[in-house]
Each structure stands twice: as C-alpha cells, then as structure tokens.
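The values are calculated or read from the model by the stated rules, or taken from the named source; none is laboratory data. All values reported here derive from a predicted model rather than from experimental measurement. Quick reminder, even Gly has a Cβ in these numbers, built from the backbone with ideal geometry, and neighbours come from all protein chains shown.
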Amino acid sequence: MTDRQIAILAAIIEQYAEVAVPVGSVTLAKLFGVSSATIRSEMARLEEMGLIMQPHTSAGRIPTDQGYRLYVNSITEAQMSELPTFDRSARAIEARIGTHGDSTTRAIRSAVDSLVDLTQNLGLATIGDQLYISGIGNLFSQPEFLQGNHTQAVARLLDNLEPWLREAAPNEPLNVYIGAENPIGKTSGASLIISRFRSPYSDRSYIGVLGPTRQSYGKVMRLVRHAGAMLEEVL
C-alpha cells in the first residue's frame, strides 16, 4: 500500500465513524486536494484489496473488517497518547473512579459508566464471577442495529461473553475484536474492545466496551486502556 492509500483508508474510517454514511470521492478529494478521479482510482485499489466496500450502487465506500484491522494495527503507542480531548476524558474517568476507591464494586461500575458516557457504546466489566453491563440503549440506538439484522447475534455475544472471558482469558493488556473476529456472535457487526486489569477479585479482570465496527478506534482504545490502568492503580 502507498502512503496515500493508507491515509485515504484512515480518512474513510474516521469520517464514517463520525457521520455513519458511506464516504464519497468528492469529500475525500477536498480533504486531500486532488481530483475526484484520483480518489476513485485509489478507492478502487483499496476495494480490490478487500479494505473497503460499496454497500449500494452509486454510494460511497465503507470500511470492511479487514480494513478496520489494518487501521487498528497501525495505531502506534505514540498515537495512543495524542488525542486532544484525552486529558479531559481521562480526568473524568479518574474522578469517578477515585470517588468510589473505597469500594471495588462501585469503582468498577463507575469506570464502566464513564466509558458509556464518553464512547456512547455499551460498557462492561467483570466483577468477581459476574459481568456488569451498562448502556444497552446506546448500543441498540446505533444506526447499524436499528433494523434488527444483527440484534440476535449481539445478544448471543453478550449472553456468552462472561464464560468466554473466563475460559479464554485474553492475554494482552488491550484486546480488540472486530466484527467476525469476535469469538461469539461473528455476524453481529460489533467490535469488542477490552482491557485486562488486576483487581481484588482476580488477576484477570476485564473492562471494555461493545459497539458497532464503526468506531473511533484510537479514542476508544485509549479510554478503555486508561480505565483499566486507573482501576488497577486505585484498587
């Protein structure tokens, strides 16, 4: 891939996350200062690589799971610390967790509720042998889930998530499962972003969010990782 193709893929992902409609060549041409024909040519190559797709005839393009995966893999440690609003968001998480630092359960619930507010996704965490979930309304109000095509698969994922976490015990400090990568509910069209942290309940407690594959991955990954790190520090 060329640098421009990588940049166009990132722009499609970031704009689609914001507006929830396919991104067209005219929009990207203005962004990159080139002709629409040049953008269409680059988009055709990205489509050949399986990184973007055209959901409808004459529509713009949206990312595929493979495109999201390439984008997520390209997020560096330096970029994980560059979000302009991150300091304010981080302080909001710290304040809510700190308020309940004397109670493990309340601290974890507060961290989850903060992620729900900041990411507009469903938030979740393991508390002992149970899974705490908040923000279901956020998840099912997303455009992707309004038609109900993915609802059963999302429900299946949620029903089986706690036992799967216990059995699989994901190893990485931050884990991202995009669309079909999810171990359960592969057709859900959802992404699971979870951080492992140590708590009085377990060395393998988890906190994270579940939302559509259409995500601002850099921001959400930073916030989830920070929430896990803060819980580990406070608890």
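Could you grab me the full set of residues in the stretch 128-140 that are outside any loop (DSSP other than H, G, I, E, B), touching a residue at least 60 places away in the same chain (Cβ under 8 Å) and surrounded by fewer than 19 Cβ atoms within 10 Å (Cβ to Cβ)? Asn138 - this is the single residue of the stretch 128-140 that is outside any loop (DSSP other than H, G, I, E, B), touching a residue at least 60 places away in the same chain (Cβ under 8 Å) and surrounded by fewer than 19 Cβ atoms within 10 Å (Cβ to Cβ). Considering the conditions (1) in contact (Cβ under 8 Å) with a residue 12 or more places away in the chain; (2) at negative phi, Asp203 is excluded by exactly one of them, (1).
Considered as a group, the residues in the stretch 97-116 that are of a type outside the set (Val, Ile, Thr) and touching a residue at least 24 places away in the same chain (Cβ under 8 Å) include one that is farthest from Ser216 (Cα to Cα), and that residue is Gly101. Would you confirm, using the coordinates I've provided, whether Glu18 is modelled with pLDDT of 95 or more and not hydrophobic (A, V, I, L, M, F, W, C)? Here the answer is no, as Glu18 does not meet what is asked. With respect to the conditions (1) under 16 Å from Asp65 (Cα atoms); (2) surrounded by 15 or more Cβ atoms within 10 Å (Cβ to Cβ), Arg40 lacks only one, and its number is (1).
Within the stretch 6-23, restricting attention to residues that are of a type in the set (Val, Ile, Thr), part of a helix (DSSP H, G or I) and farther than 18 Å from Ser41 by Cβ, the residue that is farthest from the chain's Cα centre (by Cα) is Val19.
What tally of residues in the stretch 24-58 results from selecting those that are in contact (Cβ under 8 Å) with a residue 40 or more places away in the chain and either assigned to a loop (DSSP other than H, G, I, E, B) or among the hydrophobic types (A, V, I, L, M, F, W, C) (or both)? Summing the residues that are in contact (Cβ under 8 Å) with a residue 40 or more places away in the chain and either assigned to a loop (DSSP other than H, G, I, E, B) or among the hydrophobic types (A, V, I, L, M, F, W, C) (or both) in the stretch 24-58 gives 4.
Being assigned to a helix (DSSP H, G or I) and either crowded, with 16+ Cβ neighbours inside 10 Å or of a type in the set (Val, Ile, Thr) (or both) is the filter; apply it to the stretch 141-155 and report the residue that is modelled with the highest pLDDT. Applying the filter and picking the extreme gives Val154. Within the stretch 119-175, the residues that satisfy the criterion of being in contact with a strand residue (DSSP E or B) (Cβ under 9 Å, 6 or more places away or on another chain) and of a type in the set (Ser, Thr, Tyr) are Thr119, Thr126, Tyr132, Ser134. Residues that are among the polar types (S, T, N, Q) and in a helix (DSSP H, G or I) were ranked within the stretch 110-127; the one that is nearest to Asp203 (Cα to Cα) is Ser110.
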